[in-house]
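*Asks:* Once you've had a glance at the structure underneath, I'll fire off some questions.
Each reported figure results from applying straightforward, stated rules to the coordinates on display, with no laboratory input. Just so it is clear, the structure is predicted and the values come from calculations on it, not from any experiment. Note: ideal-geometry Cβ built from the backbone for every residue, glycine included; neighbour counts use all protein chains shown.
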Amino acid sequence: MEMLDKIGSWWSSTHLQEQIKDVDAAGLFTNPWFIVPFGSMICYMLYKQSWRDLIIVAIFVGVWWVTGTSYMNTLLVGDIVQIEKILPVVFGGAIVLGFVIYLLFGRSD
């Protein structure tokens with residue numbers, strides 16, 4: 001338990017949750033220091049025809065976009081979880097996770 005407490009205190013000391021929440025998506029995708037390597041990675045994956053990796057990157061970007069929508073902001077009202085709104089998110093996440101697991105382990109190239 002002591003190790004878990006140390007990891008938990010380290011995680012909270014990084015303030016990673018706040019940093020992720022405060023990301024400026026429009027600024028990020030117009031910043032050449034991000035978009036040039038990201039675009040290069042996408043072009044390289046297209047050149048190598050790495051469709052599985054492209055799909056996983058697209059899923060990651062899509063999930064990141066969905067987490068910033070107004071629907072996600074209404075999942076919690078005060079400190080109460082809105083169960084009728086969170087169930088579609090849970091089932092959608094399970095479907096996406098199952099698809100990613102299928103892409104990584106279920107298929108052979």
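*Asks:* Working only within the stretch 1-30, note down all residues that are within 19 Å of the chain's Cα centre (by Cα) and of a type in the set (S, T, N, Q).
*Replies:* Listed by number, the residues that qualify are THR14, GLN17, GLN19.
*Asks:* Run down ASP24, ASP53 and say which single residue is among the charged types (D, E, K, R) and surrounded by fewer than 11 Cβ atoms within 10 Å (Cβ to Cβ). Write out each step before concluding.
*Replies:* Numbers: ASP53 fails: surrounded by fewer than 11 Cβ atoms within 10 Å (Cβ to Cβ).
Every option except ASP24 fails the conditions.
*Asks:* For the subset of the stretch 65-108 comprising residues that are of a type in the set (Phe, Trp, Tyr) and without any contact (Cβ under 8 Å) to a residue 24 or more places away in the chain, which member is surrounded by the most Cβ atoms within 10 Å (Cβ to Cβ)?
*Replies:* TYR71
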